[in-house]
Amino acid sequence: MPKSKARKRKKNSKQGGLRRGPFVPATEDKYISIDDGPVKFVSKITGTIRNESTRTITVKSIPIEDSIRPVALKFAPPLQQDSTDPTCFDYQWQQLTFLFDFDDPSSFVKLFDHLSDEDKRLLIRYVTTCRNLAAYSVINTKNGLSMSWGKGDVGSTVRVDLSSHEEFSGFSATFRQLHNDGEAASFNKAWKILNTALNSAGLAEESLAAARGTLKAWRQARARLCEKAASTLIAEKLNPNLKPEHPRPLKGIVPDDLIRRFNYGDTLHWGDQREKLAVLNDGDPFHARYYKYCCESTMTSLSHLYFGFALLAAAALGVPDQRDAVSD
């Protein structure tokens, strides 16, 4: 007698006693905030899933800074061709476009004939350093961030995936060349060279004003990203009526100060910032991971702004395709 074939069990939402309902999209804006000591996050609720068996509701949410997506880009993400994960560049430039609405930096005025040989070398070095940094693993990795809330007194859980010490140290060393004002080929030095070159460019009054306005916009954007994290700025732009006591993601983080503490208190030098970094971490391993996450996040935002300015510098050199600008 032939053997009967075993019946395949059909998978359904009721198997194992679970009766999970469909995802129900949110119909109004509601938010969840985590405010646990230094840890500050805000998420926007996107919908819910009801489970009749356990009589629970799963709340789905996204970080508030992701609620702006998709943002239409006015130009391709700068240096995306040097990346190993172009989606990371697209993500960052949606944020920068939402915040600053830059015009295409590759359309900046050509200043090649008004630059000294030393100025040209410095600008080429700046562009080359940006291109090198654009290929780094930290820039091309989406650091995982997940949050969950338990029942009753279980409280909230936050998980972050960070780069290795080796990856972070290499990233920090190259980033410093662009970020520290005293470095020979920093953003600050490149900006000053271009601003000075405009004096002798012989531009019409209207064109000169537009070029200076462009440089000013990039400098102001950089200053804002040094003062607050991009996610904080996005939350504040979404709701201009936020008061100081209201929650916002990465509230209280001052990127320029935090980067300095990591650079000179651990990553690059165990120097004069080590006590200030120790005070932040407060001997708590999770606090240490949180602050490293904040540092990586803010450094990444600033890096992409520097990449955009690299296109502007390349245009000033007369090579809008920055791949034609190579160091000596």
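None of the figures in this text is laboratory data; all of them are computed from the coordinates on show. Note that this is a predicted model, so its numbers are computed, not measured. Here the Cβ positions follow ideal geometry from the backbone for every residue, glycine too, while neighbour counts run over all protein chains shown.
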Checklist line | Relative contact order of the stretch 21-64, pairs being alpha-carbon contacts under 8 Å that are 6 or more residues apart, as % | finding: 36 percent
Item checked: Karplus 3J(HN,Hα) series, Hz, for the stretch 89-96 with 6.51 cos²θ - 1.76 cosθ + 1.60 (x for Gly, Pro) -> 5, 4, 4, 5, 7, 5, 5, 5
Check: Does the stretch 21-64 classify as rounded, prolate or oblate by the C-alpha gyration tensor (a ≥ b ≥ c root eigenvalues; a/c under 1.5 gives rounded; else a/b over b/c gives prolate, otherwise oblate)?
Finding: oblate
Checklist line | Cα centroid separation - the stretch 223-243 against the stretch 22-75, whole Å | finding: 19 Å
Check: Dipole magnitude of the chain about its Cα centre, charges +1 at Lys/Arg Cβ and -1 at Asp/Glu Cβ only, in debye to the nearest 20?
Finding: 2540 debye
Notebook entry, point to check: Which of the residue pairs K120/K292; K110/K216; K192/K243; K189/K228; K192/K292; K120/K142 have a Cα-Cα distance greater than 26 Å in the structure shown?
Noted result: K120/K292; K192/K243; K192/K292; K120/K142
Checklist line | Local electrostatic count at E236 - Lys and Arg +1, Asp and Glu -1, tallied over other residues with Cβ under 9 Å | finding: +3
Checklist line | Loop-located chymotrypsin sites (Phe, Trp or Tyr not before Pro) in the stretch 54-112 whose Cβ has at most 15 other Cβ within 10 Å (DSSP) | finding: F75
Notebook entry, point to check: Taking only DSSP H segments of four or more residues, each worth -39500 (n - 2.57), what value at 222 nm results for the chain once the sum is divided by all its residues, to the nearest 500 deg cm²/dmol?
Noted result: -14000 deg cm²/dmol
Checklist line | 3J(HN,Hα) from dihedral phi, the stretch 182-199, Karplus parametrisation 6.51/-1.76/1.60, rounded to Hz, x for glycine, proline | finding: x, 5, 4, 10, 7, 3, 4, 5, 4, 4, 5, 4, 5, 5, 5, 4, 4, 4
Next item on the list: Provide the gained length on full extension for the span A209 to H246, in nm with one decimal, where the gain is 0.36 nm per separating residue minus the Cα-Cα distance.
Entry: 9.4 nm
Checklist line | the stretch 23-118: relative contact order in percent, alpha carbon pairs under 8 Å with at least 6 residues between | finding: 18 percent
Next item on the list: Report the label-to-label distance for D284 and D272 in nanometres (one decimal), using points 7 Å from each Cα along the Cα→Cβ vector.
Entry: 2.9 nm
Notebook entry, point to check: Of the GluC sites (Glu not before Pro) in the stretch 225-323, which ones lie in a loop per DSSP and count no more than 12 other C-beta atoms within 10 Å?
Noted result: E245
Margin query: Could you work out the relative contact order of the chain? I mean the mean sequence separation of Cα pairs under 8 Å and 6+ apart, divided by the number of residues, in percent.
Written below: 22 percent
Note to self: Taking a ≥ b ≥ c as the square roots of the Cα gyration tensor eigenvalues, with a/c under 1.5 meaning rounded and otherwise prolate when a/b beats b/c, else oblate, which class fits the stretch 16-104?
What the structure shows: prolate
